[in-house]
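I have placed the structure first, in the form of structure tokens, so that the comments after it can refer back to it.
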Amino acid sequence: MTTPRIVVTGIGASSPLGGTAPESWSGLLAGESGARSLEHEWVAKYELPVTFAAEAKVRPEEVLARPMAKRLDPASQFAMVAAMEAWEDAGAPDVEPERLGVDFATGIGGVWTLLDAWDTLREKGPRRVMPMTVPMLMPNAAAGNLSLHFGARAFARTVASACASSTESIVNAVEHLQDGLADIVIAGGTESAIHPITVASFASMQALSRRNDDPATASRPCSVDRDGFVMGEGAGALILETEEHAKARGAKIYAYVVGGGVTADSYHITANDPEGQGAARAVRLALDMAGASPEDVTHINAHATSTPVGDPNEYQALRAVFGARIDEIPVSATKASTGHLLGGTGALEAIFTILAIGQRQAPPTINLTTQDPEVPFRISGSPQDLGAGDQLAISNSFGFGGHNAVVAFATA
């Protein structure tokens, strides 16, 4: 029996660059930055050492009906906004509920609901804690609510593998479709964790950039003067289905999802394996599944968070796979514009990768002052032409806990 080919028929996003996938893509191509100073009283109240982040450009409560927004944590709100856009973009397909599944991820989950409830308990007592607190804070809330909204009864699954979460969910969705568990899957990831506790914690780890006086240029992947990542928020959603199902209903096809690889470093809870063995193995698994070789890859969306250690580690991992050719492949480090969406970042970058190969242009990497000689990717502050012909691209995501996830896309 032949393995079904999997296609992308709908995309949706809410990001620091725009409230939709097209707006986010346009902002990315224009070289915009989503990082801004935080205008919240808690920044001064807690004397946070980092006073900026890449908040979503459009608040989800501005898009969702008020009754829906009130019963969802912000992370689930973003998931709903992105998934609703992707569903409409796919033509609101008519599918049996038992043949529709959800694979939707988060890295942290409902942190705002959890900590707001803790404040309520301390200040007002247990009777004032909302009955919906647990259903709103649980990590599977986004997947569960998407299942309820779209009537998906095949499954509603959640991955929580830190910054690799939503890429891993996309890989899982492909496998579930190939195994015949569904005809269509809503896949992706979400995060809304720009909260004083997470900002303080990441700052304490020395993981965040501290360019408080210039947020727009703070995220500098591959630049010699990078000093940490910028927290972002939002969600990305993809409608995935078997090629047979998509063609039978006359759906437009953005791209084929041709491969995926998921591995673990088993090295350190926060640090990458300095030799990049796990990351390299994930890339190889994705290419093997695609039936492709390193010579076939025409574009890479790098994880590239703008941390001093992470960027060169990723370069070494990719060099182990591609050899000297890694310096010739057009690479984009899109977190320079969006910041790092944690559990939502892989889905957003998957969308960017799909649009890049479809439009034959790798998006720019802004804020590259002087490129680090230890990270000599072929990157540019302007869009790079990918040329005519078939395209094969990979998008990388690596997370705390030693999680590695890579997904490969090919032009339709």
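For region 56-63, the criterion of being more than 18 Å from L341 (Cα to Cα), among the aliphatic types (A, V, I, L, M) and outside any strand (DSSP E or B) is met by at least one residue.
Scanning region 20-40 for residues that are polar (S, T, N, Q) and either outside any strand (DSSP E or B) or surrounded by 19 or more Cβ atoms within 10 Å (Cβ to Cβ) (or both) turns up T20, S24, S26, S33. If you go through region 378-401 and keep only what is hydrophobic (A, V, I, L, M, F, W, C), part of a loop (DSSP other than H, G, I, E, B) and in contact with a Ser or Thr (Cβ under 8 Å, 6 or more places away or on another chain), you end up with I379, L386, F400. With the condition kept exactly as written, say whether any residue in region 76-92 is within 21 Å of S219 (Cα to Cα) and open to solvent by 50 Å² or more (accessible area, probe 1.4 Å). No, region 76-92 has no match at all.
Within region 357-377, the residues that satisfy the criterion of being within 20 Å of S26 (Cα to Cα), part of a loop (DSSP other than H, G, I, E, B) and open to solvent by 40 Å² or more (accessible area, probe 1.4 Å) are R360, L368.
Pairs are defined by a Cβ separation below 6 Å, a sequence spacing of at least 6 or placement on different chains, a first member in region 41-53 that is open to solvent by less than 50 Å² (accessible area, probe 1.4 Å), and a second member that is in a strand (DSSP E or B) and hydrophobic (A, V, I, L, M, F, W, C); the pairs so defined are V50/L208; A53/M231.
Put simply, of S332, S382, S395 the only residue that is under 27 Å from G234 (Cα atoms) and surrounded by fewer than 17 Cβ atoms within 10 Å (Cβ to Cβ) is S382.
A92 fulfils the conditions (1) part of a loop (DSSP other than H, G, I, E, B); (2) within 23 Å of A207 (Cβ to Cβ); (3) aliphatic (A, V, I, L, M) except for a single criterion, (2). Residues that are out of contact with any helix residue (DSSP H, G or I) (no Cβ under 8 Å at 6 or more places or on another chain) and not basic (K, R) are absent from region 99-115 altogether.
Taken over region 271-309, the residue count meeting the criterion of being in contact with a strand residue (DSSP E or B) (Cβ under 9 Å, 6 or more places away or on another chain), open to solvent by 10 Å² or more (accessible area, probe 1.4 Å), modelled with pLDDT of 95 or more and in a loop (DSSP other than H, G, I, E, B) is 6. Return yes or no: is Y267 of a type outside the set (V, I, T) and part of a helix (DSSP H, G or I)? When the stated conditions are applied, Y267 does not pass them.
The set of residues in region 1-19 that are in contact with a helix residue (DSSP H, G or I) (Cβ under 6 Å, 6 or more places away or on another chain) and in a loop (DSSP other than H, G, I, E, B) comprises T3, P4, R5, P16, L17.
Only residues that are touching a residue at least 40 places away in the same chain (Cβ under 8 Å), open to solvent by 40 Å² or more (accessible area, probe 1.4 Å) and in a loop (DSSP other than H, G, I, E, B) were counted in region 197-210, giving 2. So if I check each of S397, S382, which one is more than 23 Å from G276 (Cα to Cα), in contact with a Gly (Cβ under 9 Å, 6 or more places away or on another chain) and not aromatic (F, W, Y)? Step by step, each of S397, S382 is checked, and only S382 is more than 23 Å from G276 (Cα to Cα), in contact with a Gly (Cβ under 9 Å, 6 or more places away or on another chain) and not aromatic (F, W, Y).
Within region 338-356, the set of residues being out of contact with any Gly (no Cβ under 6 Å at 6 or more places or on another chain), buried (at least 24 other Cβ atoms within 10 Å of the Cβ) and either over 21 Å from G278 (Cβ atoms) or of a type outside the set (G, A, S) (or both) comprises T345, E349, F352, T353, I354, A356. Each residue in region 111-161 was checked for being in contact with a strand residue (DSSP E or B) (Cβ under 6 Å, 6 or more places away or on another chain) and open to solvent by 90 Å² or more (accessible area, probe 1.4 Å), and 1 of them qualify.
Candidates I194, I108, I184: the one that is of a type in the set (V, I, T) and either open to solvent by 40 Å² or more (accessible area, probe 1.4 Å) or at positive phi (or both) is I108. Of all residues in region 212-244, those satisfying the criterion of being open to solvent by 40 Å² or more (accessible area, probe 1.4 Å), in contact with a Pro (Cβ under 9 Å, 6 or more places away or on another chain) and more than 24 Å from G107 (Cα to Cα) are N212, V224, E244.
The values are calculated or read from the model by the stated rules, or taken from the named source; none is laboratory data. Keep in mind that what you see is a predicted model, and the values were worked out from it rather than measured. All Cβ positions, even for glycine, are placed from backbone atoms using ideal geometry, and neighbour counts span all protein chains on display. The area values use the complete protein model at the heavy-atom level, side chains included, leaving out ligands, DNA and RNA. Shrake-Rupley method; radii C 1.70, N 1.55, O 1.52, S 1.80 Å.
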